Amino acid sequence: MATCCDDNEHDPAAKSVAEALEIILAAASPPSHSEVRALDDASDRVLAEDLRTEQPIPAWPNSAMDGYGLRCSDGPGDRRCVGAAFAGHPFTGELGPGECIRIMTGAPVPADVDCVVPQEQCERQDDRVEFRSALRPGANIRQAGDDLPAGAVALARGTLLRPAALGVAASLGRTELRVYPALRVAFFSTGDELQGLGAPLAAGQIYDSNRHMLRALLGRLGCQPLDLGRVADEPAAIRQALTEAAAMADVILSTGGVSVGEADYISALLQELGQVSFWKMNMKPGRPLAFGTIGSAHFFGLPGNPVSTVVTFYEFVRPFLLKRMGKTEPWTVPSLRLPCATTLKKKPGRTDFQRGRLVATAEGWQVAPVGAQSSHILSGLAQAQCLMVLPAEAGDIPAGSLVEVQLLEGLV
Ligand code: AMP
Ligand code: MG
């Protein structure tokens, strides 16, 4: 008979992904203070102020094309070219009747000009210019305030400052931005079998991959990673790591030792040191998860299997960190629905996060599994572009069915 720990059986005591996420997000309080940083040092921070435009953007009408600028009310027909406007070098003269100017993209459009004809539609002979297209008022002119009017919120408080957002802040001329502090996230891996990189492996040892993945994941979120190394499966060592971490960090992550094996001490220690709940999660990969507080720090005990570590990070830790960093919603990975290119093998009972790749077909994008789907097989995850989120109750999913897809590409 199957037991409660059978990989494929539904455990009624286990939390669903949605229930766990709700509890975790409810515990993520936004930051209580902010600091001022140079714009170039504010990447991946969260904005702690509304950035308003002082002037319209763009501030003045400018040409969208390289061509000739003219006044439509002069009527159809050719014009005499009397000057030029370049980006950074406005035309300062006046436009008489029947006259035009050479004008380049980004150059200010003089008050006398209400139409720019792209140079591909112009014929120039000495100072005479003929036009092969109709002259329309407003054509190829970017009006002042096209992008944003004066006094508008260009970037709202709670915006994660990715490159384009920094570009908007820079376009306002801001040298400094008020942002929330980077979260200090301490992390360590547990396991007597773990060996550090560069050292030979003794019998039964494996290299510690989780810690290096966590460092990279945290770095992409703009967190300050505090690497506490590998910790043996010994209560005293884990107690020391947790105490040290709680004193220096806002958030603590550990991997491994969180289930009910004989060398799994995390549970007992956390009950001694803090307020922590242990959940069996109704998901695959990533069955056990611990969440709570130690002192003023929040704690996540992630499962040790490397794929489980990353999937639980994306599903629970990342949304928690984003909210805690001060970012406004959404905190979860965006998802879409795509047809699956092949049948997806699954047993009913748990939400399955299978690793997938996007496939371009004549009918559009589809999604296909990549690599073996066991939670210790990291190579498939390294090739994956997305997670296919298969509902708990579902069994095998026939090819062509629409499945939920969470894109991992380009995630911060
Ligand atoms: P645990 O959660 O401690 O029971 O570990 C589950 C599985 O994940 C075991 O096969 C461990 O050897 C493996 N594992 C735990 N921590 C790591 C790590 N940091 N890097 C690679 N594999 C790990
Ligand atoms: Mg272990």
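Using the beta-carbon distance between S335 and S296 and R0 = 25 Å, what value does 1/(1 + (r/R0)^6) give for FRET efficiency, to the nearest 0.05?
Taking R0 as 25 Å, the efficiency between S335 and S296 is 0.15.
The stretch 298-376: D in µm²/s via Stokes-Einstein (Kirkwood Rh, Cα pairs, 10 °C, 1.306 mPa s)?
In µm²/s, the coefficient is 107.
Go through H212, H376 and list them by solvent-accessible area, largest first, probe radius 1.4 Å.
My answer, sorted largest first, is H376, H212.
Relative to the longest principal Cα axis of the chain, at what angle does helix 235-248 sit, 0 to 90 degrees, rounded to 10?
Its long axis makes an angle of about 30 degrees.
Take every Cα-Cα distance within the stretch 72-212, group them into 5 Å bins from 0 onward, and report for each bin the whole-number percent of pairs it holds.
Going out from 0 Å in 5 Å bins, the stretch 72-212 shows 2, 7, 12, 12, 9, 6, 6, 7, 7, 5, 4, 4, 4, 5, 4, 3, 2, 1, 0 percent.
Roughly how compact is the chain, stated as its Cα Rg over 2.2 N^0.38 Å to two decimals?
Details: Rg = 29.4 Å, N = 412, 2.2 N^0.38 = 21.7 Å.
Compactness ratio reported: 1.35.
Kindly flag which residue pairs out of K284/K347; K15/K284; K15/K280; K284/K323; K280/K327 have an alpha-carbon separation exceeding 18 Å in this structure.
K284/K323; K280/K327
Please report Rg over Rh for the stretch 188-255, where both radii come from the alpha carbon positions and Rh follows the Kirkwood definition.
Ratio of gyration radius to Kirkwood radius for the stretch 188-255: 0.99.
Toward the positive end of the charge dipole of the chain, about the Cα centre and with charges on Cβ (Lys, Arg +1; Asp, Glu -1), which of Q373, G93, A203 goes farthest?
Q373
Just name one of G219, A263, L242: the one whose Cα is farthest towards the positive end of the charge dipole of the stretch 210-267 (beta-carbon charges, Lys/Arg +1, Asp/Glu -1).
Most positive-ward Cα: G219.
Mind checking the angle between helix 17-26 and the chain's longest principal axis? C-alpha axes, 0 to 90 degrees, to the nearest 10.
Result, in degrees: 70.
Would you please put 41-47, 297-303 in order of how densely packed they are, using the mean number of other Cβ atoms within 10 angstrom per residue and starting with the highest?
297-303, 41-47
Quick one: 3J(HN,Hα) in Hz for the stretch 268-277, Karplus 6.51/-1.76/1.60 with θ = phi - 60°, rounded, Gly and Pro as x.
Once rounded to whole Hz, the list reads 4, 5, 5, 5, 6, 9, x, 10, 9, 9.
Quick one: check the C-alpha center-to-center distance for the stretch 197-248 versus the stretch 129-171, whole angstrom.
With the stretch 197-248 and the stretch 129-171 each reduced to a Cα centre, they are spaced 47 Å.
Once the piece of chain linking T342 and R215 is laid out straight, how much longer is it, given 0.36 nm per residue of separation minus the C-alpha distance between them? Don't skip to the answer; put the middle values down first.
Working: separation 127, 0.36 × 127 = 45.72 nm, distance 3.41 nm.
Here the answer is 42.3 nm.
Find, to one decimal place in angstroms, the Kirkwood hydrodynamic radius of the stretch 11-80, where the mean of 1/r is taken over every pair of different Cα atoms and then inverted.
Hydrodynamic radius (Kirkwood, Cα only) of the stretch 11-80 equals 19.6 Å.
Connecting C-alpha atoms closer than 10 Å in a GNM of the chain, tell me which of A48, A199, A392 has the biggest fluctuation.
Among A48, A199, A392, the largest mean-square fluctuation in the Gaussian network model of the chain belongs to A199.
With label points built 7 Å along Cα→Cβ from the Cα atoms of S171 and D396, find their separation and express it in nm.
Here the answer is 5.3 nm between the modelled labels.
Show the residues, 5+ positions off or on another chain, whose built amide H is closer than 5 Å to the amide H of A154.
Hits under the 5 Å cutoff: L51, R52, T53.
Which far-off residues, 5 or more places away or on another chain, put their amide H under 5 Å from the one on R184, with H placed in the peptide plane?
Excluding prolines and chain starts, which carry no amide H, the hits are Q224, D250, V251.
As an exercise, take the mean of 1/r over every pair of distinct alpha carbons in the stretch 140-227, invert it, and state the Kirkwood radius in angstroms.
Evaluated over the stretch 140-227, this radius sits at 17.3 Å.
The values are calculated or read from the model by the stated rules, or taken from the named source; none is laboratory data. Bear in mind the structure is a predicted one, so any value in this text is a computation, not a measurement. For neighbour counting, all protein chains shown are included, and Cβ atoms are generated from backbone atoms with ideal geometry for every residue, glycine included. Keep in mind that these areas ignore ligands, DNA and RNA; they rest on the heavy atoms of the full protein, side chains included. Shrake-Rupley method; radii C 1.70, N 1.55, O 1.52, S 1.80 Å.
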